[in-house]
Amino acid sequence: MKFTRYPSLTNHYAIGKTRDLIGKLDDEYYATEKNHGTNIQLTVDKNLRVGVGKRSTFITDEKPYSDVFELSEDIIAELQGFIAENADIEQVTLYGELFGSGVQKTDYQANKDKERQVRFYDCFIHFTNGKIIASKKDLYELVKEEFVAKIIKTGKLIDLVKEELPKESTYGGNTFEGYVYKPNVDNYVLNSNNNGIYYPVVKHKTEDFSEVRNKVKIELGEEEIKLHNLVESYITKNRVVNVLSHGDIELIPQNIGEIIKLVQEDIKKELIKENPEVDKNLVYQIVRKKGSLIVPLIKKIMFEEVE
């Protein structure tokens, strides 16, 4: 069984800087709500073995991820039957979010009911010949409606990113993180490179959940000054929360140093992706000096967890 990390998403305001997405602005996309939970994945291979993972690795009995086994019993059986009928499949991985009580503080109905739920938003099928597809068709056929992300609307990508975001969530309450836009086709063939799998998916977050504060345009000021401002705009509480939601590290005082490093890596990766013209070495130097701005954000989140 192979662990496959879910591809990174492109922010909606940066699609004009991504060559592949520029060519897809008139393509038909569909929107699902971006759930505010923690990343999970459910994998079944050709030997019908089952694996549950978080953002970066498979897990076994680690809470709250271990709840996915119990919540997904029927889905696992469905996937095992599907693979047994298709000899050319190596493995199937569903990607989703675990949310509700004890996962993230939200206004969702699941939190109010003190329960945990899962919603799957993608299905990657790995074939024995090495081909990988993202199958919208199989996701919505194999997974029951209550466990799959609801399709909100469809349209040209360029039109979707221009539309105003709603205030209320389809999960109940006013915790609305944003939308995710994906190609509206039954099966999308995925390509791999040195950075992993590429998938032309766009995230469109509300200001409350944006990981970039008051986005600064790269054209402002002298190079080093504008880069300092740009880097600082990426240092937000929402980014820290997002990094922690990957489940790679526990939010405890002893881990503050490691959390800072993870946040810094996340900033460097996204900033350079969205601003490919910047001096990478200068970005690395500046980000390294900004750890002191990340510390109070970590502590604030830590205190909120205690309350």
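Any read-out appearing in this document is the output of simple, stated calculations on the displayed coordinates, not a laboratory observation. Since we're looking at a predicted model, the values are computed, not measured. Using ideal geometry, Cβ is built from the backbone for each residue, glycine included, and neighbour counts are taken over all protein chains shown.
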* Counting only C-alpha contacts under 8 Å and six or more residues apart, can you give the relative contact order of region 55-204 as a whole percent? => 19 percent
* Asked: So what is the 222 nm mean residue ellipticity for the chain from helices alone, if each DSSP H run of at least 4 adds -39500 (n - 2.57) and you divide by all residues, rounding to the nearest 500 deg cm²/dmol?
  -> -9000 deg cm²/dmol
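Any idea what the dipole of the chain comes to, in debye rounded to 20, about its Cα centre with Lys/Arg Cβ at +1 and Asp/Glu Cβ at -1?
Details: 44 positive and 51 negative charges, 175 e Å.
Its charge dipole is roughly 840 debye.
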* Can you check what the net charge comes to around Asn193, using other residues whose Cβ is under 15 Å from the Cβ of Asn193 (Lys, Arg +1; Asp, Glu -1)? => +3
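If you take the beta carbon distance between Asp279 and Asp159 as r and set R0 to 51 Å, what does 1/(1 + (r/R0)^6) give as a FRET efficiency, to the nearest 0.05?
Using R0 = 51 Å, I get an efficiency of 0.90.
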* Asked: When only Cα pairs under 8 Å and 6 or more residues apart are kept, what is the percent relative contact order across the chain?
  -> 20 percent
* Structure fact -> The answer for GluC sites (Glu not before Pro) in region 242-274 that fall in a DSSP coil and have at most 13 neighbouring Cβ atoms within 10 Å is Glu250
* Please list, in chain and number order, the residues 5+ apart from Lys153 or on another chain whose amide H is under 5 Å from its amide H, with Hs placed from the backbone. => Ala31
* Structure fact -> In this structure, among Lys46/Lys268; Lys153/Lys280; Lys131/Lys273, pairs with alpha-carbon gaps over 28 Å are Lys46/Lys268; Lys153/Lys280
* Taking the dipole about the Cα centre of the chain, with the C-beta of Lys and Arg at +1 and of Asp and Glu at -1, give me whichever of Phe176, Val50, Leu71 is farthest to the positive side. => Phe176
* To do: List, in order, the whole-Hz ³J(HN,Hα) value for each residue of region 73-79 obtained from phi through the Karplus relation with A = 6.51, B = -1.76, C = 1.60 and θ = phi - 60°; use x for Gly and Pro.
  => 4, 5, 5, 4, 4, 5, 5
* Listed pairs Lys105/Lys269; Lys24/Lys162; Lys54/Lys205; Lys112/Lys237 exceeding 19 Å between Cα atoms -> Lys105/Lys269; Lys54/Lys205; Lys112/Lys237
* To do: Let me have the relative contact order for region 24-96, percent, based on Cα pairs under 8 Å that are six or more residues apart.
  => 37 percent
